[in-house]
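Following: one structure in structure tokens, then a few remarks.
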Amino acid sequence: MKTKNDFSLSLTVKATAKDAMKSINHVDQWWAKKMKGKAAKLNDEFSVHFGDTFVEFKISELIPEKKVVWLVTDCNLDWIKDKKEWNGTEVIYTLAEKGDKTQIDFVHKGLTPESECYESCKPGWTGHLKNSLVKLINDGKGFPE
């Protein structure tokens, strides 16, 4: 459940919810080339790495073709003072088929305008989601960092 200040974004893609979820799970194909672990099943653990920055996740909730929640279990956000700021936050994808398309509602619960990284994380998420995840789902090729 999102509070009004949590960062959120809605995307519409030309795919079934099943295919969209499969693409979301392929984190290394749209977000981070340096990914360890798996991101497909409940309790899977994975991490993404960007230089000295890393984020570790556990899939804490999964409803196939409808919703996946990534709980941040540890992180090192190298560019800000509070390097553990994302710890305990949740990255939530909720999917709903609308005709031949799927709407993906993205929420980073705990990432609010009061967060130290908000001003850099907001455009970061927006870019990765709109310019890479959508292209992976619609065109078969994303642009991971």
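The values are calculated or read from the model by the stated rules, or taken from the named source; none is laboratory data. Quantities reported herein were computed from a predicted structural model and do not represent experimental measurements. Cβ: placed from backbone, ideal geometry, glycine included. Neighbour counts: every protein chain shown. Note: accessible area is taken over every heavy atom of the protein model, side chains too, but ligands, DNA and RNA are not part of it. Shrake-Rupley method; radii C 1.70, N 1.55, O 1.52, S 1.80 Å.
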Can you run down the residue pairs with Cβ atoms below 7 Å, 6 or more apart or on separate chains, where the first is in segment 49-62 and touching a residue at least 40 places away in the same chain (Cβ under 8 Å) and the partner is open to solvent by less than 50 Å² (accessible area, probe 1.4 Å) and small (Gly, Ala, Ser)? Phe50/Ala32
I need every pair where a residue in segment 118-141 that is on the phi < 0 side of the Ramachandran plot has its Cβ under 8 Å from the Cβ of a residue that is of a type in the set (A, V, I, L, M) and in a helix (DSSP H, G or I), sequence separation at least 6 or different chains. Leu133/Ile24; Ile137/Ala20
Flag for Glu56 being in a strand (DSSP E or B) and either surrounded by fewer than 17 Cβ atoms within 10 Å (Cβ to Cβ) or acidic (Asp, Glu) (or both): yes
From the list Gly99, Gly88, Gly142, pick out the single residue that is of a type outside the set (Ser, Thr, Tyr) and surrounded by 15 or more Cβ atoms within 10 Å (Cβ to Cβ). Gly142
Look through Phe57, Phe46, Phe106, Phe50 and report the one residue that is within 23 Å of Leu136 (Cβ to Cβ), aromatic (Phe, Trp, Tyr) and in contact with a Gly (Cβ under 6 Å, 6 or more places away or on another chain). Phe46
Within segment 13-42, which residues are open to solvent by less than 90 Å² (accessible area, probe 1.4 Å) and not hydrophobic (A, V, I, L, M, F, W, C)? Thr16, Asp19, Ser23, Asn25, His26, Asp28, Gln29, Gly37
Would you tally the residues in segment 104-120 being surrounded by fewer than 16 Cβ atoms within 10 Å (Cβ to Cβ) and in contact with an Asp or Glu (Cβ under 8 Å, 6 or more places away or on another chain)? 2
Taking segment 89-117, which residues are among the hydroxyl-bearing types (Ser, Thr, Tyr) and either part of a loop (DSSP other than H, G, I, E, B) or touching a residue at least 40 places away in the same chain (Cβ under 8 Å) (or both)? Thr89, Tyr93, Thr102, Thr112, Ser115
I'm trying to understand the selection: among the residues of segment 121-139, which are open to solvent by less than 50 Å² (accessible area, probe 1.4 Å) and in contact with a Phe, Trp or Tyr (Cβ under 8 Å, 6 or more places away or on another chain)? Cys121, Trp125, His128, Leu129, Ser132, Leu133, Leu136
Residue count, segment 65-77 (criterion: of a type outside the set (S, T, N, Q) and either open to solvent by 70 Å² or more (accessible area, probe 1.4 Å) or at pLDDT below 95 (or both)): 2
